[in-house]
Each structure stands twice: as structure tokens, then as C-alpha cells.
Amino acid sequence: MSHHIVEAADLEYSYPDGTPALKGVSFRIEHGESVGIVGANGAGKSTLLMHLNGCLLAGKGTVRVGDFPVTGQTLPQVRRSVGTVFQDPDDQLFMPTVEEDVAFGPLNMHLPPAEVESRVSASLESVNALHLRKRPPYKLSGGEKRAAAIATALSMSPDILVMDEPTSGLDPRARRKLIGLLAGFMHTKIIASHDLDMIYALCGRTIVLHEGRVAADGPTASILANHDLLAGCGLELPLSLQGCPVCANIKKAE
Amino acid sequence: MSRIDVLARDMESLDLLASRDTPVRRLDPRAKAAVTAMFLGTVVSFGKYEIAEMTPLFLYPAAILALGQVPARVLFRYLLFASPFALLAGMFNPVLDRETAISLGALDVPGGWISFASIMLRFMLTVSAVLLLLACTGYVQVCAALGRLGAPRIVITQFLLLHRYMFILSDEAARMTRAHMLRSRDGRGPGIRVWASLAGHLLLHAHDRGSRTHSAMLARGFDGSLPSLRAFRWSWADTCFLAGCGGFFVLARFGNLAERLGDLMGFAV
């Protein structure tokens, strides 16, 4: 069984207006890995993630999720394996209440009502949002919306969790809570983000995208400490690796 | 607070009213939707000069207003907001139809004025009934009930998504108008040219958001319909409500109720 493996081989994609977004991306992510996808704006991160759940199909090359190549025919199987958390939770929370949103995926899988109910409760509990179940999504705070959006993906019991900018728009405490929450998930995780400190905290491996190509792929600790590599790809060192600005000023003064 | 903000808050207020526990709220949404449909059918079945015959029907919204504990000012605000449409629909009747329809002593009243009054009465009755249904049931429950009563799935899906994204788009519109106001001279509202541009941007934003939401729905197995968790329970109270209201509407339509009430109270209609 290879149902937790994600593999892209020479993946290329251009948008309908002809703008190339991915130019031969290749990687293989094994079961249980946490992988960060980083890159400057327009590097192709979100486009790549959209290929992993079949919202976009490869123009050239292949994407495989577990035992299935991602094609029009295999979408139901692929989407059952891959839970996606989109960048803006308002795009993901479209039902009148949180519980109906979380139940949306399981109901579409035609599960029995008791199973749907148990998945809704378990998913909301795992993101500490059980108290939000009867609330309308537009009434939630940014952090609560994010938790609810993650619960909508978890309720489908995915093998692989794909997240696009999960910490964007969160205040520091909500961000810290979310990092703690994600660290507890045992899924294969693929996280695209500009929040390099979050990637540093959560992902053992990082793939750097630059202008639609893989610029680097390796252990997070060495990639995110490589100033020249990051600068060449329009990125900066994570704040946690930049040193204390107060101490630096003291040193300068001395 | 801008007008768009006020409108969004008004839309929310109906949902908030629907969340309160009242005798009307406890009825099955299907019963309320069916009774409202019967009421609308009864109102539109009257002839264009039958004003007096229609008046007993005001008892229905009055009863629901009281039993559903809906503040009358909320209802009047909505009626006032929608009234220009009704005025527009009937404003030419007095000009086009000048034949005398009834004489009140020495005063000859042209048919156009009677039919205009009839349009306004119908507007008040029908819009009140629909607003009271929403205020005593909730938009989502009404949609679910319509679905159970056989309305096409695609229409219900559209209604539900419209409700969900109405708030997001109204927020977006409010932010855009606020940003404009802060940069305009004397904080004036946008002129017609700027409005066109704002509306165009809002449309493009709505399209982008629609595409992203569709992707999110597909990622969770969307197959064209919004599945529902809600279960309805039909009780004796629902049967009584349906039969009672239905009987009253039949009596009001065919039983000359207005004339009988007038006779009873000593008035001639």
C-alpha cells in the first residue's frame, strides 16, 4: 500500500492566459512526512497545491496521490485521500452553520447519519471548536474560522493534509495555538506558507519554489538557514534564525 | 455606519429573530411554508377591484406578528424599503384607467385608483407574509422546507449560497465604499461613475470568490446539491395550523367575510 505517498514528476502548468506557473516540478513525499512549500509571491505554491487535490490537472507530467494518478477519472479517490485547507477560510466555509460545513464532506461520501455525527463531533473536538458547532461561519473570529476550516478537512478522515497559508491573518496567540494543533496531527502534511518560522517549527523537510521550479529540496534546518539560497529566491531567514535585534544593537554599540 | 452596513445588519436581524423560541417558531417549517404559499395564492386570486374583500386577510399577518413576537417596526422597515417597487408597478394605473368604478356619495372614484390601492394592499400582505415566515423560521430552515416540499435542488442550493455570501459581499461592498469615502472630498458618497467602477470590482471579486469556493466544494465531494443535516418532525399542532389557516383563507376568499363582518358591526360595504 502506498496510499499516503504524494509524487509529482516533471509537472508543468500554464494558466489559460498563457502565464506559465509550474515548469517541471518533481518531488516525492513519503508517508507521515511534514513538508513545507515556500517561495516568494507568484512562485507557484498555491498552483502546486491545487494539483494535489485535482482542482487543477497537470498540463504536462504527472501527479500521483497514493495508488492513483490525479486525473479526471480518479478525482473521487484522490479527494477522499487529500484534505485541503484553503488560504481564505471564508472560501471554505459556505454552509449556514459550522456543523453543517464540517458534515458537508462526510454527507457527500454518503456515510450513515450516526457516522456523520460522530465525525463532526470528533473533528470539531480535535481543533477545540466543539462549542462553535451551531454558530454561523460569518460570525466567527479569524482563528475560529481557521479551526473550523481545518475541521471540515479532518471530517473526511484524509490521509494527507494540504494547507495553503494556514497562519495568514491570525494574531500571535491564535497562530501559536494553530502551530501546536498542527504539530499534534499524525497525517502526512504539506504546508505552503510565507511564515517560515511556522515551517521551521512544523516541517522536517522544505521544498523551495522559485519561478515555477524547485530551487531546493531538503531538511528544513539546513534550507531555512541558507541565507544565500533564500535571498536568491526572494525570501529571508526566519525571524527565529535572524538573531535578537536588541543584542545586535548592543554588540554594534560595543 | 454606511447604508450597506445597515442593510447587512437588517438581513441578520431576521435570522436573529428566527432563533428565538416562540409558538410559531416551534411549528414545522414545512407547515409554515405551505401556509404562506396558500396565503400568497389567496391574495393574488382576488380581482383587481376587490379591495374590501381582501381586508380580512390582514388578520393572518397580524396573528403571526403577535404569536411570533416579531417587532412591528422591523416589518415596517422592510415594507418601506421594498415599497418603491410596488409604487412603480401601480403608479400608472390612475392615469390609464379613468372609468368610474364606484361612487362614494357624490365622489366618483376611477378604477385606476382602486386597482392602485389593490396593488399596494397585495404588496403589504404578500411581503409581510414572506418576511414573517423568514422571521419566525429562519432563511436556512425555509430553504430546507422548500426542498422537502419538492422545490428543485439547484434552486435551493443557489438560495443557500446566496444567503451565505450575501454577508461576505456586503462586507466587501461596505469596505470599498468606506475606502472611497475616506478619500473623497467632504466624505461624499460615490457619484454614478465611481459607483459603476465599484460595482464592476465587486462583481470581479464575487467571481473570484465564487471560483475559489467552488474549488473548496469540489475538494469535499460536491456533486451539485447541498446535503442537509436537519430532520423535521410533523406534529398535530402543524396539522391544526395548516387546516385552520387553510380554512380561514377559503372563508376569506369565498365566504364574503368582509361583508359579513361589516353587517355584524353595522357597516355597509
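The values are calculated or read from the model by the stated rules, or taken from the named source; none is laboratory data. Quick caveat: nothing in here was measured; it's all calculated off a predicted structure. For neighbour counting, all protein chains shown are included, and Cβ atoms are generated from backbone atoms with ideal geometry for every residue, glycine included. For accessibility, only protein heavy atoms count, side chains too; no ligands or nucleic acids. Shrake-Rupley method; radii C 1.70, N 1.55, O 1.52, S 1.80 Å.
Of the conditions (1) among the β-branched types (V, I, T); (2) surrounded by fewer than 17 Cβ atoms within 10 Å (Cβ to Cβ); (3) free of Cβ contacts under 8 Å to residues at least 60 places away in the same chain, B:I154 fails just one. Which one is it?
Of (1) among the β-branched types (V, I, T); (2) surrounded by fewer than 17 Cβ atoms within 10 Å (Cβ to Cβ); (3) free of Cβ contacts under 8 Å to residues at least 60 places away in the same chain, only one is false for B:I154: (3).
Buried (at least 19 other Cβ atoms within 10 Å of the Cβ) and not in a helix (DSSP H, G or I): is that true of A:L161 in this structure?
Yes, satisfied.
Would you list the strands (runs of 3 or more DSSP E) that sit entirely within the range A:19-89 and hold 3 or more residues that are touching an Asp or Glu at 6+ places or on another chain (Cβ under 7 Å), modelled with pLDDT of 90 or more and farther than 27 Å from A:F185 by Cα?
A:20-29
Any chance you could count how many residues in the range A:96-110 are more than 7 Å from chain B (Cβ to nearest Cβ) and touching a Lys or Arg at 6+ places or on another chain (Cβ under 7 Å)?
3
For residues in the range B:216-238 being part of a helix (DSSP H, G or I) and out of contact with any Asp or Glu (no Cβ under 8 Å at 6 or more places or on another chain), which is nearest to B:T177 (Cα to Cα)?
Among them, the one singled out is B:M217.
Which condition number in (1) of a type outside the set (S, T, Y); (2) assigned to a helix (DSSP H, G or I); (3) over 15 Å from B:V43 (Cβ atoms) is the one that B:L131 fails?
Just one mismatch for B:L131, condition (3).
Regarding B:L169, is this residue in contact (Cβ under 8 Å) with a residue 12 or more places away in the chain, closer than 26 Å to B:A18 by Cα and open to solvent by 40 Å² or more (accessible area, probe 1.4 Å)?
Here the answer is yes, as B:L169 does meet what is asked.
For every residue, the table says whether it meets (1) over 30 Å from B:C245 (Cα atoms); (2) of a type in the set (K, R).
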{"residue": "B:A135", "(1), (2)": "no, no"}
{"residue": "B:Q141", "(1), (2)": "no, no"}
{"residue": "B:R153", "(1), (2)": "no, yes"}
{"residue": "B:L162", "(1), (2)": "yes, no"}
{"residue": "B:M166", "(1), (2)": "yes, no"}
{"residue": "B:L169", "(1), (2)": "yes, no"}
{"residue": "B:E172", "(1), (2)": "yes, no"}
{"residue": "B:T177", "(1), (2)": "yes, no"}
{"residue": "B:M181", "(1), (2)": "yes, no"}
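Among (1) closer than 23 Å to B:G210 by Cβ; (2) in a loop (DSSP other than H, G, I, E, B); (3) facing chain B (nearest Cβ under 10 Å), which single condition is A:K134 missing?
(1)
Has the range B:186-204 got any residue that is closer than 26 Å to A:M163 by Cβ and either touching a Lys or Arg at 6+ places or on another chain (Cβ under 8 Å) or charged (D, E, K, R) (or both)?
Checked against the condition, which is being closer than 26 Å to A:M163 by Cβ and either touching a Lys or Arg at 6+ places or on another chain (Cβ under 8 Å) or charged (D, E, K, R) (or both), the range B:186-204 yields no hits at all.
Pick from B:V140, B:V194, B:V155: which is away from chain A (no Cβ under 13 Å), in a helix (DSSP H, G or I) and within 26 Å of B:V35 (Cβ to Cβ)?
Unique residue meeting the criteria: B:V155.
Within the range A:164-198, work out how many residues are in a helix (DSSP H, G or I) and either of a type outside the set (V, I, T) or modelled with pLDDT of 95 or more (or both).
14
Restricting the range A:122-142 to residues that are open to solvent by 30 Å² or more (accessible area, probe 1.4 Å) and of a type in the set (G, A, S), which is farthest from A:T84 (Cα to Cα)?
A:S141
Among all residue pairs at least 6 apart or on different chains, which show Cβ distances below 7 Å where the first residue, located in the range A:51-65, is within 14 Å of chain B (Cβ to nearest Cβ) and farther than 9 Å from A:A9 by Cα and the second is of a type outside the set (V, I, T) and part of a loop (DSSP other than H, G, I, E, B)?
Pairs that qualify, where the first residue is within 14 Å of chain B (Cβ to nearest Cβ) and farther than 9 Å from A:A9 by Cα and the partner is of a type outside the set (V, I, T) and part of a loop (DSSP other than H, G, I, E, B), are A:H51/A:A58.
Within the range B:233-269, can you find the residues that are open to solvent by less than 60 Å² (accessible area, probe 1.4 Å) and either within 14 Å of another protein chain (Cβ to nearest Cβ) or small (G, A, S) (or both)?
Scanning the range B:233-269 gives B:S235, B:A237, B:G244, B:G246, B:G247, B:A252, B:G255, B:A258, B:G262.
Hey, does the range B:133-147 have a residue that's outside the structural domain of B:R30 (by TED's automatic domain parsing) and crowded, with 16+ Cβ neighbours inside 10 Å?
No, that holds for no residue.
Just to be sure I understand, how many residues within the range B:50-67 are over 16 Å from the mean Cα position of the chain (by Cα) and open to solvent by less than 50 Å² (accessible area, probe 1.4 Å)?
6
Which one of the conditions (1) open to solvent by less than 50 Å² (accessible area, probe 1.4 Å); (2) at pLDDT 80 or above does B:D97 fail to meet, given that it meets all the rest?
(2)
Tell me which residues, restricted to the range A:80-93, are open to solvent by less than 30 Å² (accessible area, probe 1.4 Å), facing another protein chain (nearest Cβ under 10 Å) and either touching a residue at least 12 places away in the same chain (Cβ under 8 Å) or more than 13 Å from A:A148 (Cβ to Cβ) (or both).
Answer for the range A:80-93, where residues must be open to solvent by less than 30 Å² (accessible area, probe 1.4 Å), facing another protein chain (nearest Cβ under 10 Å) and either touching a residue at least 12 places away in the same chain (Cβ under 8 Å) or more than 13 Å from A:A148 (Cβ to Cβ) (or both): A:V82, A:G83, A:T84, A:V85, A:F86, A:P89, A:D90, A:Q92, A:L93.
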